[in-house]
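> Starting off with a structure, shown below.
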Amino acid sequence: MKFLSCRQTGFSLVELVFVLGIAGVLMLVAFPTFNDMLQGQRLKTQTNETLAAVIYAKSEALKRRSSVTVCAMKTNVDNQCGTSPTEWANGWIVFDDINGDGIVSNNDEILRYRGDYKKLDSQGTLTGLIFDGEGIADVSGDIEFCYGQANGNKMRRLSVNPAGNPIISSHAVCN
């Protein structure tokens, strides 16, 4: 008499539940770390984009030999400069400021802009910079970008010195 052997293929229910349990634990451990990394990268990207806008405004002022302004975008108004450092979270505008007043007028040419930074907070002392034809900024100060909900309350600061040279630094906490 010959017996037929049945070979099992696939997974048993116990094995499947065990593997899914391990995968769930690993996801619980990895997800917060991944989320923090993602928020940190967004913060770096948005700070670097603003840095690039400041550098671009300075180089355009030198190239055009006229005033070029970079400023925080006004809340709920496209292509207008804001009046508060918290409005850098709305984005920024770079424009050829013909009369050098720091306000977008009809004759001013908008060179670049970047709108709405999602989930970003901003603070600091600057609402905008006007670069003269020699690339010198009218003011110096800081723009601070922050993800308040991020683990560790991460913040990056963009500082502009009186000569108009920007530098980025990292800080552990937002104010």
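The values are calculated or read from the model by the stated rules, or taken from the named source; none is laboratory data. Keep in mind it's a predicted model, so treat the numbers as computed, not measured. In this analysis, Cβ positions are derived from the backbone assuming ideal geometry, glycine residues included, and neighbour counts consider all displayed protein chains.
> In the stretch 100-131, which residues are over 17 Å from residue 73 (Cβ atoms) and either surrounded by 15 or more Cβ atoms within 10 Å (Cβ to Cβ) or modelled with pLDDT of 90 or more (or both)?
Scanning the stretch 100-131 gives 100, 125, 131.
> Let me ask something else about it. Here are 64, 114: which of them is of a type outside the set (Gly, Ala, Ser), under 16 Å from residue 143 (Cα atoms), touching a residue at least 40 places away in the same chain (Cβ under 8 Å) and out of contact with any His (no Cβ under 7 Å at 6 or more places or on another chain)?
The unique qualifying residue is 114.
> Any residue at all in the stretch 89-96 that's among the small types (Gly, Ala, Ser), modelled with pLDDT of 85 or more and under 15 Å from residue 145 (Cα atoms)?
Yes - at least one qualifying residue is present in the stretch 89-96.
> Just for strands (runs of 3 or more DSSP E) wholly inside the stretch 11-129: which have at least 1 residues that are in contact with a Ser or Thr (Cβ under 7 Å, 6 or more places away or on another chain) and of a type in the set (Asp, Glu)?
Those strands (runs of 3 or more DSSP E) span 91-96.
> Are any of the residues in the stretch 143-158 basic (Lys, Arg), part of a strand (DSSP E or B) and touching a residue at least 12 places away in the same chain (Cβ under 8 Å)?
Within the stretch 143-158, one or more residues are basic (Lys, Arg), part of a strand (DSSP E or B) and touching a residue at least 12 places away in the same chain (Cβ under 8 Å).
> Could you please let me know if residue 134 is out of contact with any Gly (no Cβ under 6 Å at 6 or more places or on another chain), surrounded by fewer than 19 Cβ atoms within 10 Å (Cβ to Cβ) and touching a residue at least 60 places away in the same chain (Cβ under 8 Å)?
Against the criterion (out of contact with any Gly (no Cβ under 6 Å at 6 or more places or on another chain), surrounded by fewer than 19 Cβ atoms within 10 Å (Cβ to Cβ) and touching a residue at least 60 places away in the same chain (Cβ under 8 Å)), residue 134 qualifies.
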